[in-house]
Amino acid sequence: MAPTDTVTVERRVAASPATVYALVSDVTRMGEWSPETTSCRWLGGASRAAVGARFRGTNRSGRRQWSTTCTVVQADPATGFGFEVKAGPVAIARWTYDLRHDGDGCVVTETWTDQRARWMTRAGTLLTGVADRAEHNRRTMEQTLERLASAAEAAG
């Protein structure tokens with residue numbers, strides 16, 4: 001196994017945790033927030049976030065495109081949303097969006113935890129064209145939270 005990388009970014013949003021949760025847990029809209037995810041669709045009859053629900057995420061970096069299967073592991077409008085990512089049977093990452101009240105809004109903490117084996121880290125670089133996944137994700141996560149905050153504040 002490779003050493004586990006974890007990246008965390010945080011942003012205050014002038015909207016309730018429930019408003020932010022409704023947006024971020026609707027994975028069909030993830031392409032609106034993420035600069036790398038282009039689309040997500042529910043699998044196996046799922047139509048909303050619930051622990052155990054699965055979805056397929058499609059991502060793009062430059063001209064490279066790939067898909068993964070994700071399983072929801074956290075689905076609580078009061079505290080947040082999370083999912084684990086696999087490529088076939090191989091663990092890739094865990095993503096969480098933790099929410100906490102903050103005055104008239106909330107703080108969103110997005111965390112990515114790399115779960116890839118060392119060989120998959122090298123294969124991932126070839127597949128995605130991203131050599132430093134942790135630094136790349138930090139930048140895209142900041143953009144994701146900025147876009148999510150804008151949508152949540154407009155909705156709230």
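The values are calculated or read from the model by the stated rules, or taken from the named source; none is laboratory data. For clarity, every value in this text was computed on a predicted model and none was experimentally measured. Methodologically, a virtual Cβ is constructed for each residue, glycine included, from the backbone with ideal geometry; neighbour enumeration extends over all protein chains shown.
I'd like to check something: does segment 9-24 contain any residue that is part of a strand (DSSP E or B), in contact (Cβ under 8 Å) with a residue 40 or more places away in the chain, among the β-branched types (Val, Ile, Thr) and in contact with a helix residue (DSSP H, G or I) (Cβ under 8 Å, 6 or more places away or on another chain)? Please lay out each step first, then the result.
Initial filter on segment 9-24 (part of a strand (DSSP E or B)): 9-13.
When the remaining residues are screened for being in contact (Cβ under 8 Å) with a residue 40 or more places away in the chain, the result is 9-13.
After this cut, where a residue has to be among the β-branched types (Val, Ile, Thr) as well, the list is 9, 13.
From what's left, in contact with a helix residue (DSSP H, G or I) (Cβ under 8 Å, 6 or more places away or on another chain): 9, 13.
Yes: one or more hits.
Answer yes or no: is there a residue in segment 72-87 that is more than 20 Å from Leu23 (Cα to Cα) and of a type outside the set (Gly, Ala, Ser).
yes
Determine, yes or no, whether Gly129 is on the phi > 0 side of the Ramachandran plot and either modelled with pLDDT under 95 or out of contact with any strand residue (DSSP E or B) (no Cβ under 8 Å at 6 or more places or on another chain) (or both).
The answer is yes for Gly129.
Pairs, please: C-beta under 6 Å, at least 6 apart or cross-chain, first residue of a type in the set (S, T, N, Q) and in segment 41-63, second loosely packed, with under 15 Cβ neighbours inside 10 Å and not in a loop (DSSP other than H, G, I, E, B)?
Final answer for the pair search is Thr58/Thr38; Thr58/Ser67; Asn59/Trp66.
Got a number for residues in segment 29-67 being outside any strand (DSSP E or B) and either under 12 Å from the mean Cα position of the chain (by Cα) or of a type in the set (Asp, Glu) (or both)?
The qualifying residues number 8.
With Thr37, Thr28, Thr19 as the choices, which residue is modelled with pLDDT of 95 or more, closer than 19 Å to Glu84 by Cβ and among the polar types (S, T, N, Q)?
Thr28
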